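Participant: I'd like to ask you about the structure that follows.
The values are calculated or read from the model by the stated rules, or taken from the named source; none is laboratory data. What you are looking at is a predicted structure, and each value in this text was computed from that prediction instead of being measured. So basically every Cβ, Gly included, is an ideal-geometry build from the backbone, and we count neighbours across all protein chains shown. Please note that ligands, DNA and RNA were not included when accessible areas were found on the heavy atoms of the full protein model with its side chains. Shrake-Rupley method; radii C 1.70, N 1.55, O 1.52, S 1.80 Å.
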Amino acid sequence: MAIISTKAIVLSAIKYSDSSLIVKCYTEHLGVKTYLIRGVLKSRKGAIKAAYFQPLTLLTIEANHKQKSNLHSLKEVHVFHAYTSIHTDIVKQSIVLFLSEILSSSIQEEEENSVLYEYVETALIWLDTHDKIANFHLLFLLNLTKYLGFYPDLFNQETASSFNLFEGSFSNTSTDKNCIVHHHLFLFKRLLGINFDAIEDVLFSKQDRQALLQIIIRYFEFHLDGFRKPKSLTILETVFS
């Protein structure tokens, strides 16, 4: 058994028995890890609180990791960045619930990827500290593909008449059913190459936003084995409608 200290982002928490939780985290140093937290739902005096395991909470943890087990235990837990607006803003709550499902389905590796970890952490703090966030989830997902290995190939971007979601590249062949063209292509291009501070300047109608989200979800489905369309997608679409 090894004692590990690392930052961690909560991906999911599932009730186990009457009093315990099974929590999946994306850790800075060890990738995806799962923890059994016994008695946390019944004990009010314990140092580890159930409230720490809301979706995408940013933690520092000290954990006991067993070599031949997929289920580990936590010794200490602290919130290292307490959100100021995410837990009180219904739109941000919906975005966080949606993104926690996406990340849980997209990241499977039990190994360190500090660049991906830093991207997710930095993006969540940006979301917490900004107000104009209607397009945040779109840019978060598209830029996430850089770290998952299938960001769009930008060659021929300016002159191409279509983007092939399956191939991940621009082309001038628009007959393929996996291609986006015309207005959808225009919307997709507007997100490419920008950072979060630039999304305030990108104006989409609610119809455009929904169309873009469906396109990006399809893109994920093509490129990630086992990717599941999030159950919270309908909640997110309702919030933005």
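Participant: Loop-only check: which trypsin sites (Lys or Arg not before Pro) in the stretch 104-184 are DSSP coil with at most 16 other Cβ within 10 angstrom?
Facilitator: Lys132, Lys177
Participant: Also: Using a 1.4 angstrom probe on the protein heavy atoms only, could you order Val10, Val79 from most to least accessible area?
Facilitator: Val79, Val10
Participant: Further question: Return the calculated 222 nm mean residue ellipticity for the chain, to the nearest 500 deg cm²/dmol, obtained by summing -39500 (n - 2.57) across DSSP H runs with n ≥ 4 and dividing by the residue count.
Facilitator: Counting only the DSSP helices, I get -10500 deg cm²/dmol.
Participant: Given +1 on the Cβ of Lys and Arg, -1 on the Cβ of Asp and Glu, and no further charges, what dipole in debye does the chain carry about its Cα centre, rounded to the nearest 20?
Facilitator: Dipole magnitude for the chain comes out near 1100 debye.
Participant: Let me ask something else. Using protein chains only and a probe of 1.4 angstrom, how many square angstrom of Tyr16 are accessible, to the nearest 10?
Facilitator: Spelled out: Tyr16, probe radius 1.4 Å, area about 110 Å².
Participant: Something else: For Asp89, tell me the accessible area in Å² from a 1.4 Å probe, rounded to the nearest 10.
Facilitator: Surface accessible to solvent at Asp89 totals approximately 50 Å².
Participant: Give a quick list of chymotrypsin sites (Phe, Trp or Tyr not before Pro) in the stretch 145-184 that DSSP marks as loop, anything other than H, G, I, E or B, with at most 11 other Cβ atoms within 10 Å.
Facilitator: Sparse-neighbourhood loop chymotrypsin sites (Phe, Trp or Tyr not before Pro): Phe155.
Participant: Can you tell me the orientation of helix 114-129 relative to the chain, as the angle in degrees between its alpha-carbon axis and the longest Cα principal axis, to the nearest 10?
Facilitator: The angle comes out near 90 degrees.
Participant: Right, here's the next one. Taking only Cα atoms, what is the 0 to 90° angle, nearest 10, from helix 182-191's long axis to the longest principal axis of the chain?
Facilitator: 50 degrees
Participant: Between the DSSP loop rule and a limit of at most 15 other Cβ atoms within 10 Å, which GluC sites (Glu not before Pro) in the stretch 144-224 are left?
Facilitator: Glu158, Glu167
Participant: Relative to the longest principal axis of the chain, what angle (0 to 90°, nearest 10) does the C-alpha long axis of helix 90-106 take?
Facilitator: 90 degrees
Participant: Counting only protein heavy atoms and using a 1.4 Å probe, what share of the accessible area of the chain belongs to carbon plus sulfur, as a whole percent?
Facilitator: 51 percent
Participant: Then there is this: Show Arg228, Arg190 ordered by accessible area, largest first, where the area counts protein heavy atoms only and the probe is 1.4 Å.
Facilitator: Arg228, Arg190
Participant: Hey, another quick one. Using a 1.4 Å probe on the protein heavy atoms only, what accessible surface does Thr175 show? Give it in Å² to the nearest 10.
Facilitator: That residue has around 130 Å² of solvent-accessible surface.
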